[in-house]
Amino acid sequence: MKKKLSTVVFLSVLMFSFAVSAGAEVTIYVSVPPQKYFTEQVGGERVNVSVLVEKGQDPHTFEPLPAQMAA
């Protein structure tokens, strides 16, 4: 069972690794601003990072709008 699961996971990762071309910019949504900073540091110019919880909002009580969930 573990071997089957490992094979499926490996093939999925392999398949999705070719889904984005090398020059394409990837959009990533994070929940709080500190995550945005770290994501930008790791991804550099290849990522476009958006934060769901803006300054002044409490991340513990944040409820996303339907438009944010669809993005």
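The values are calculated or read from the model by the stated rules, or taken from the named source; none is laboratory data. Quick caveat, the model's predicted, so the values are computed rather than measured. When we count neighbours, we look across all protein chains shown, and the Cβ atoms used for this are built from the backbone with ideal geometry, even at glycine.
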Those residues that are part of a helix (DSSP H, G or I) and at pLDDT 80 or above, I need them from segment 7-32; list them, please.
Thr7
Going by what's in this entry, would Lys55 be described as at pLDDT below 90 and basic (Lys, Arg)?
yes
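May I ask you to say which residue of Gln68, Gln35 is surrounded by 10 or more Cβ atoms within 10 Å (Cβ to Cβ), within 15 Å of the chain's Cα centre (by Cα) and at pLDDT below 80?
Result: Gln68 is the single residue among Gln68, Gln35 that is surrounded by 10 or more Cβ atoms within 10 Å (Cβ to Cβ), within 15 Å of the chain's Cα centre (by Cα) and at pLDDT below 80.
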